[in-house]
Amino acid sequence: MSEYRTETDSLGDIKVPAQALWGAQTQRAIENFPVSGQPLPHTFIAAVAQIKRAAAEANTSLGLLDATRRDAIAEACERILDGEVDDQFPVDRYQTGSGTSTNMNVNEVIAALCKKGVVDVHPNDHVNMSQSSNDVIPTAIHVSAVMAVKERLIPALSHLEGVIYERESLFSNQVKTGRTHLMDAMPVTLGQELRTWREQLVASQTRVEHAANELLSVPQGGTAVGTGINAAPEFAEQFVKFLQHNTGYGFSAMEHKFVGQSAIDGPVALSSQLRGVAIVLIKIANDLRWMNSGPIHGLAEISLPALQPGSSIMPGKVNPVIPESVAMVGTQVMGLDSAVAMAGQSGNFQLNVMLPLVAGNLIDMVELLSNAAKLLADKAIKGFTVNTETLNEGVGRNPVLVTALNPEIGYSLAADIAKEAYRDGRPVIDVAEERSGLSRQRLEQLLDPLKLTRGGLA
């Protein structure tokens, strides 16, 4: 048997690997774009398959496609969704800006699978009926991003929030030194710090969900330029009806489809909210690294789980590897967001021409953040131990506690007491007893660290 077969398209003949399900246009893309070796992720290809299935069903409901071909296309799409033929989508993500190569790759694979089932299906005439790459790929960006966010990122963030909530309850009365500018400040509880992280995550999750919900409106039905040429007027509404049924999500037809094809404002907005999640994760990761620092000459407030040796030369060294990994993920996500933002500027007239970059970046961002959130929850926050003696000693020796005396003795005298306590290495309460004129009992009341974490006046 020959290693190759000959396929023909409008540009002529081209050799295709004999066992490949793809055809001529996919092969040309493989040869034209040997850029990164990174095809678009399965999540995105699956979204395209969802579009092809819903389009076939819509076309049949409008009397444009026979039921036999509809069923064959639907069965082929199911095989794609199940990941059976993932190796048949090799087109590099850095391809033609419309994503035409990926659209045709999916069309050709579906047609080939149908033919294996002895149903004559043409990649353009049947699989691509009532569609264009120019509305399929933007719609697939919406579909894949919505499903990735709701099925991967939201559960991961919710899990992280739940783990933090359990720990913040445990440490609600554990007082520690607060820090501003990385310098000692008034006391807080460890529970308050953890709640801050959780509140940040909840807020960023809400913003992501809102941005994802905006992508439920899709431009499918706009075809080549947004006008809907070669598609029945009823196609878009029929399409979203079947897409809703097949995916379980409330997709709707964009009224002015030009918006979703000439611009990618919705995906750019989602990307910026994913960047927001990254920033929160980096903040948490950096706090953990500082709190874990030491164990002798750092803060040493907590001890993160020891997961692996930290040095090839220094025996016994253990590093905060999970927070470091999470910080790198966050940094990468911020870079991917910058690329998406720049891609958003490439909407020339009726089409944005950086669609595959946006498609791949959004999925990568969601996957990275989802994995990082779970790691942070399960391998760092869930298992860290608190060095209670270190925390308590630090609070007792913190000269800034004198802030609580301001209303009774004034700022100037309080500052003098703080400086003397710091200079002599003495507890603030001892110096204040000598210089403030307040009784020991009153000072104990005013300087109670746990009370100070609740604010207000003593």
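Assuming Ala67 fulfils every condition listed in (1) surrounded by fewer than 22 Cβ atoms within 10 Å (Cβ to Cβ); (2) closer than 24 Å to Ser346 by Cα apart from one, which condition is it?
That leaves (2) as the condition not met.
If you scan segment 129-156, which residues turn out to be among the β-branched types (Val, Ile, Thr) and under 11 Å from the mean Cα position of the chain (by Cα)?
Kept after step one, since they are among the β-branched types (Val, Ile, Thr), are these residues of segment 129-156: 136-137, 139, 141, 143, 146, 149, 154.
Answer for segment 129-156, where residues must be among the β-branched types (Val, Ile, Thr) and under 11 Å from the mean Cα position of the chain (by Cα): Val149, Ile154.
Can you say whether Val358 is aliphatic (A, V, I, L, M) and either farther than 20 Å from Leu376 by Cβ or modelled with pLDDT under 95 (or both), as far as the supplied structure shows? Before the answer, list the steps.
Values: aliphatic (A, V, I, L, M): yes; either farther than 20 Å from Leu376 by Cβ or modelled with pLDDT under 95 (or both): yes.
Criteria met by Val358.
Within segment 269-298, how many residues turn out to be hydroxyl-bearing (Ser, Thr, Tyr), under 21 Å from the mean Cα position of the chain (by Cα) and surrounded by fewer than 23 Cβ atoms within 10 Å (Cβ to Cβ)? If you could, list the steps in order and put the result at the bottom.
Of segment 269-298, the ones hydroxyl-bearing (Ser, Thr, Tyr) are 271-272, 293.
Filter once more, keeping what is under 21 Å from the mean Cα position of the chain (by Cα): 271-272.
Next, only the ones that are surrounded by fewer than 23 Cβ atoms within 10 Å (Cβ to Cβ) stay: 272.
Of the residues in segment 269-298, 1 are hydroxyl-bearing (Ser, Thr, Tyr), under 21 Å from the mean Cα position of the chain (by Cα) and surrounded by fewer than 23 Cβ atoms within 10 Å (Cβ to Cβ).
So which helices (runs of 4 or more DSSP H) are wholly in segment 341-458 and hold at least 2 residues that are within 41 Å of the chain's Cα centre (by Cα) and either under 30 Å from Arg93 (Cα atoms) or of a type in the set (D, E, K, R) (or both)? First the steps, then the outcome.
Details: elements: 355-376, 388-396, 406-409, 411-424, 428-435, 440-446, 449-452.
Qualifying helices (runs of 4 or more DSSP H): 355-376, 388-396.
Could you list all residues from segment 377-425 that are farther than 19 Å from Thr177 by Cα and in contact with a Phe, Trp or Tyr (Cβ under 9 Å, 6 or more places away or on another chain)?
Ile381
Of all residues in segment 278-305, which are among the β-branched types (Val, Ile, Thr) and either in a helix (DSSP H, G or I) or touching a His at 6+ places or on another chain (Cβ under 7 Å) (or both)? Spell out the reasoning first.
Filtering segment 278-305 down to residues among the β-branched types (Val, Ile, Thr) leaves 279-280, 282, 284, 296, 302.
If the condition is that a residue be among the β-branched types (Val, Ile, Thr) and either in a helix (DSSP H, G or I) or touching a His at 6+ places or on another chain (Cβ under 7 Å) (or both), then Ile279, Val280, Ile282, Ile284 are the ones that fit.
Being surrounded by fewer than 17 Cβ atoms within 10 Å (Cβ to Cβ) and farther than 17 Å from Ala377 by Cα is the filter here, so list the residues in segment 320-333 that pass it. Steps first, please.
Residues of segment 320-333 surrounded by fewer than 17 Cβ atoms within 10 Å (Cβ to Cβ): 324, 328, 331-332.
Scanning segment 320-333 gives Thr331, Gln332.
Could you check Gln308 against (1) part of a helix (DSSP H, G or I); (2) surrounded by fewer than 17 Cβ atoms within 10 Å (Cβ to Cβ) and say which number it fails?
(1)
Restrict the check to segment 127-138 and report whether at least one residue is surrounded by fewer than 19 Cβ atoms within 10 Å (Cβ to Cβ) and not polar (S, T, N, Q).
Taking segment 127-138 and keeping what is surrounded by fewer than 19 Cβ atoms within 10 Å (Cβ to Cβ), we get none.
Scanning segment 127-138, I find no residue that is surrounded by fewer than 19 Cβ atoms within 10 Å (Cβ to Cβ) and not polar (S, T, N, Q), so the answer is no.
Among the residues of segment 16-51 satisfying the criterion of being surrounded by 22 or more Cβ atoms within 10 Å (Cβ to Cβ) and more than 26 Å from the chain's Cα centre (by Cα), which is farthest from Val240 (Cα to Cα)?
Only one residue tops the list, namely Gln27.
Kindly indicate which of Asn398, Asn392 is closer than 17 Å to Asp184 by Cβ and touching a Ser or Thr at 6+ places or on another chain (Cβ under 7 Å).
Numbers: Asn392 fails: touching a Ser or Thr at 6+ places or on another chain (Cβ under 7 Å).
Of the residues listed, the single one that is closer than 17 Å to Asp184 by Cβ and touching a Ser or Thr at 6+ places or on another chain (Cβ under 7 Å) is Asn398.
Among the numbered criteria (1) under 28 Å from the mean Cα position of the chain (by Cα); (2) closer than 30 Å to His181 by Cβ, which one does Glu301 miss?
Unmet for Glu301, out of (1) under 28 Å from the mean Cα position of the chain (by Cα); (2) closer than 30 Å to His181 by Cβ: (1).
Residues to consider are His159, His122; find the one that is over 24 Å from the mean Cα position of the chain (by Cα) and surrounded by fewer than 18 Cβ atoms within 10 Å (Cβ to Cβ). Quick ask: steps written out before the conclusion?
On the way: His159 fails: over 24 Å from the mean Cα position of the chain (by Cα).
Unique residue meeting the criteria: His122.
Under the condition of being surrounded by 22 or more Cβ atoms within 10 Å (Cβ to Cβ) and of a type in the set (Val, Ile, Thr), which residue from segment 209-230 is farthest from Ser144 (Cα to Cα)?
Applying the filter and picking the extreme gives Thr223.
The values are calculated or read from the model by the stated rules, or taken from the named source; none is laboratory data. Quantities reported herein were computed from a predicted structural model and do not represent experimental measurements. Backbone-built Cβ (ideal geometry, glycine too); neighbour counts: all protein chains shown.
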